[in-house]
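J.: Once you've had a glance at the structure underneath, I'll fire off some questions.
Every number here is computed from the coordinates shown, using simple stated rules; none is lab data. For clarity, every value in this text was computed on a predicted model and none was experimentally measured. Virtual Cβ from ideal backbone geometry, glycine too; neighbours counted across all protein chains shown.
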Amino acid sequence: MLAACGAARPSAAATPSASDLPLPVGTATATPIPSRTASPASTPAGDGTRIYGTLASRATGLNHNWIVIYPPGSSTKASLPVVIVLHGMGDNIDALNHLNYHVHLGEAVRAGVQPFALAAIDGNVLFWQRIGTQDGGELVATDFLGLLAARGLDTTRLGLTGWSMGGWGTLRLAQHELFGRLRAAAPMSTPLYPGPAAAPERWISDADYEAGNPYTRPHLLTGLPLWFACGTSDQFYPGNRDFVGILSRTPGVPAPETHFTPGSHSFEFWESAAPDQFRFLGAHL
């Protein structure tokens, strides 16, 4: 059984299991500091540019690191469409580097996918929703989206994707804070169950689960192009398969595209899905 809603990183220190991760209730707040932008990261030729910074969030009262990945051939001042990437439980923005997203973005653009930027922000273990006094949904939809717009990115051409806890956040944000504002959404390996009693573990309280559960709100995805990915050996696969079936029968919801292939709840599977994921997202931005 899966221990965490994220996954252990290859060749990295062990990631705590979900049972070891505290719920984000009563999390100590940090002293807000102004947003800053770091120098571009060193990247191999042809892989574009990675920009890092820190955001002082009003939605959480915390400081959150962020990254924006620009594709090769694009200026960091270009008004590109943008895809926000939501990480899994126990992960952070460094996961985009483990997944080689800068490489896969460059390959997609060279293969003819229209250029777009990728952006991610550390979301702790808030499941990208309000938990206690901290609001992981508004962190993305207001604070981070505002920062991306201020950088000149075209947030009217917006996509959303994420894995595991980030897949939950992708669907939940599409149904609520970002309803009607997305061009496409691509959740991966999402914990999808009718309710907390059906879930294999308790990642958040039952009340928070019910408040955010995307499985029970398929009608809030009307008109949105959707792409689902999940490894067929992942314990979350049956829920993903079943939810795609529900969406296919929900009036007004386009039949989702799927990437259900052999694989587990792992970085290896998520990276293997990246070419199809970026193709889908680029086609709708």
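J.: So what's the gap between the Cα centers of region 158-216 and region 60-133, to the nearest angstrom?
T.: 18
J.: Dipole of region 36-284, Cα-centred, from +1 at each Lys and Arg C-beta and -1 at each Asp and Glu C-beta, to the nearest 20 debye?
T.: On the way: 16 positive and 20 negative charges, 141 e Å.
Rounded to the nearest 20 debye, it is 680 debye.
J.: Report the local net charge at residue 185: Lys and Arg +1, Asp and Glu -1, summed over other residues whose C-beta lies under 12 Å from its C-beta.
T.: Local charge sum for residue 185: +2.
J.: Among residues other than residue 134 whose Cβ falls under 14 Å from its Cβ, what is the net charge (Lys/Arg +1, Asp/Glu -1)?
T.: -3
J.: Shifting gears a bit: Considering the options 61, 262, 223, tell which one lies farthest towards the positive end of the dipole of region 36-284, charges being +1 on Lys and Arg and -1 on Asp and Glu at the Cβ, about the Cα centre.
T.: 223
J.: Okay, next question. What ranking of 227, 163 emerges when the number of other C-beta atoms within 10 Å of each C-beta is taken as an exposure proxy, fewest first?
T.: Ordered by Cβ neighbours within 10 Å, fewest first: 227, 163.
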